[in-house]
Amino acid sequence: MINDKIQDLRQAAKVSSGNDSEKLWCATIGNEELINEINYSVLASKKRVKIVFREHIVIKEFLIQKKFDFTLIFGYSENIRELSYLSKDKGGAYIRIAPFYVTNEHNLMFLVGSEEIIKKFAGNATKIKANFSILLEDKTTGFIETDFNMGFLPNFLKTMISPLFNVSDLALSIVLISVNNEENIKDIEKIAKSNKIFIKSLKDIKSYFNSNKQDINKKS
């Protein structure tokens, strides 16, 4: 037990250590306005940070559509820290991914969805022995844009009802997982999609890391 704790502490030190010339990934979820601001800051960073991809996600739940944006950026650690703090200050959620995970973990994938649905997903995955490990996670109950889809209602009623659903009761989670066996990836994807969870494989992230590796020790 003690040896396990020591090993965990050593791994945490490896993950968190680094200097301002180290490069990290940062995945952020939030409303469109927040992600626009983060991406604008990336474009103004004088190429110290790059946008890897951005996704607009819609989760449909009965008559409600919950909408938010998701972006993955890559760059120097001091810039990544600033942008992750911006995300947290404005109600978003983020996870910072050190090169340690990319070089030591296999089959990395992102999951984004409500906290309760992701827990249900985890239960379904264990039932069929599609094993995975949770590496990093964060969540937010910040404002997420919603649409109330009842076209048959008069506009004045929709205007009155819609604010009832724009409340901060949705715990939205972003999770980085490592799928233990490559043959389980399709099962994981199938379970995630059946639970209306956004899932993104990072099978190309190692190639992206290696292609930028030569810049890690350079200063802009």
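The values are calculated or read from the model by the stated rules, or taken from the named source; none is laboratory data. All values derive from a computational prediction rather than experimental measurement. Cβ sites come from the backbone with ideal geometry, for glycine too, and all protein chains shown count toward neighbours.
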Checked region 1-31 for anything of a type in the set (Asp, Glu) and either over 27 Å from residue 203 (Cα atoms) or at pLDDT 90 or above (or both); matches are 4
Going through (1) in contact with a strand residue (DSSP E or B) (Cβ under 7 Å, 6 or more places away or on another chain); (2) surrounded by fewer than 16 Cβ atoms within 10 Å (Cβ to Cβ) one by one, residue 75 fails only at (2)
Given the conditions (1) at pLDDT 90 or above; (2) part of a loop (DSSP other than H, G, I, E, B); (3) hydrophobic (A, V, I, L, M, F, W, C), every one holds for residue 170 apart from (1)
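Being touching a Leu at 6+ places or on another chain (Cβ under 7 Å), under 18 Å from residue 192 (Cα atoms), surrounded by 16 or more Cβ atoms within 10 Å (Cβ to Cβ) and in contact (Cβ under 8 Å) with a residue 24 or more places away in the chain: is that true of residue 59 here?
Details: touching a Leu at 6+ places or on another chain (Cβ under 7 Å): no; under 18 Å from residue 192 (Cα atoms): yes; surrounded by 16 or more Cβ atoms within 10 Å (Cβ to Cβ): yes; in contact (Cβ under 8 Å) with a residue 24 or more places away in the chain: yes.
No; evaluated as a whole, the condition is false for this residue.
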| request: Taking residue 193 as the residue in question, decide whether it is farther than 27 Å from residue 32 by Cβ and modelled with pLDDT of 85 or more. | output: no
